[in-house]
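Below: the structure, in structure tokens.
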Amino acid sequence: MIKINLKNLEIVVEKEIKKTDNLKDLDKIFRKYLGKKGKITLIFNSLKKLPVNERKDLGKQANLIKIEIDRMIKKKSKEFKKEKREAQLKKERIDVTRPGKKIKIGHLHPLTLVQREIGEIFQSMGFSIVVGPEVETEWYNFDALNIPEDHPARDMWDTFWLKEKLLLRTHTSPVQIRYMEKHQPPLRIIVPGRVFRHEATDASHEIQFYQLEGLVVDKNVSAANFRAVIEEFLKRFFKTDIEIRLRPGFFPFTEPSFEIDARREKGDWLEVMGAGMVHPNVFKTVGLNPKSWQGFAFGMGLDRLAMLKYKISDTRLFYSSDLRFLKQF
Ligand code: YSA
């Protein structure tokens, strides 16, 4: 006969269950007692060998303890499942009151800002904005501007040549020609855009940079008008005292020609634009009579103006894609 202290067994199982901290161990306990070869199952299996009176008694007790163990295991299992679900909920909890992640959006490049601001100033002075192609013909970039093939001024504007007399424009001046071919004076335009030069870079020179061309053609236009317009523009653009000086210069498409330097707070002079009175040959090229029309034109370096405005010491920073630089604007 199997001798088992059933009451004692119940206490032992209870302790075992208490000690477990996971479902897997709990399952082991189940199998140990109630599984196919479990201790309680074996008791049931042995019952038939017992005399009837003992059988009844033990069978009843074994049944009671089976029910009890089963209940304890189920209870513990429920606890485990609840704990697990709570932990999961805690982990996955969404706090709808938390501020969202801010999506970073960039901002305009300083050269774009400067180009737009300058555009607005000139528009308020009655200028229209016109654009032209970056890939230009040799004719518009040079010949039409009174710079024939053997002219030494071509050295000053070495560029990147493409196929079939096409090139990357060295300045925005070709748009003067393109515009005057199609429009009759009086006219007043500005032409912002990118230009290219095949030259060594340094703190004030890049191989690509931005210019803003200006052209005014009318019956009575003088260099004094040019100076007045430019001074007004610089005053509005810099909003601070800026010194300028006009130096005599040379451009084949203007006569006379000047170069304009600017500086602030007695710093170094920086050449910011070339300019002059439209050359008679340029008027003739576009079919205008130089005796009837006069004009002034200028081409300013936008990068240089931005350098002065924001006190930037090296023009190459504009094209460096360095966020530490760009984030300051
Ligand atoms: C002159 C007379 C006109 O009737 C009209 C326009 C002009 C300007 C002429 N087309 C021109 O390109 N002159 S320039 O070679 O002296 O350049 C004009 C300005 O561009 C310069 O004053 C300077 O501010 C800027 N610049 C020139 N080379 C540069 C540059 N900026 C950055 N990098 C370079 N490599």
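The values are calculated or read from the model by the stated rules, or taken from the named source; none is laboratory data. Treat the numbers as computed from the prediction; the structure is a model and nothing was measured. Positions of Cβ are generated from backbone atoms using ideal geometry, with glycine treated the same way; all protein chains shown enter the neighbour counts.
Some observations on this one:
- Residue within segment 111-131 that is touching a residue at least 12 places away in the same chain (Cβ under 8 Å), within 13 Å of the ligand (Cβ to nearest atom) and more than 31 Å from the chain's Cα centre (by Cα) present: no
- Candidates Pro186, Pro192, Pro152 - the one that is away from the ligand (no atom under 11 Å from the Cβ), surrounded by 21 or more Cβ atoms within 10 Å (Cβ to Cβ) and not hydrophobic (A, V, I, L, M, F, W, C): Pro192
- Number of the exception - Thr254 against (1) within 39 Å of the chain's Cα centre (by Cα); (2) within 20 Å of Met180 (Cβ to Cβ): (1)
- Any hit, segment 135-146, residues being in a helix (DSSP H, G or I), within 26 Å of Glu206 (Cα to Cα) and among the hydroxyl-bearing types (Ser, Thr, Tyr): yes
- Listed by position, the strands (runs of 3 or more DSSP E) enclosed by segment 239-292 that each have at least 3 residues that are near the ligand (Cβ under 8 Å from one of its atoms) are 254-263, 270-278.
- The residues of segment 156-183 that are touching a residue at least 60 places away in the same chain (Cβ under 8 Å) and within 15 Å of the ligand (Cβ to nearest atom), listed by number, are His171, Thr172, Ser173, Gln176, Ile177, Met180.
- Within segment 312-326, the only residue that satisfies the criterion of being part of a loop (DSSP other than H, G, I, E, B), among the hydroxyl-bearing types (Ser, Thr, Tyr) and surrounded by 11 or more Cβ atoms within 10 Å (Cβ to Cβ) is Ser320.
- Residue list for segment 195-222, filter: of a type in the set (Lys, Arg) and either in contact with a Leu (Cβ under 8 Å, 6 or more places away or on another chain) or near the ligand (Cβ under 10 Å from one of its atoms) (or both): Arg197
- Strands (runs of 3 or more DSSP E) fully within segment 161-228 counting 3 or more residues that are closer than 30 Å to Leu317 by Cβ and modelled with pLDDT of 95 or more: 187-196, 208-218
- When we screen Phe298, Phe283 for residues that are more than 41 Å from the chain's Cα centre (by Cα), surrounded by 16 or more Cβ atoms within 10 Å (Cβ to Cβ) and on the phi < 0 side of the Ramachandran plot, the only hit is Phe283.
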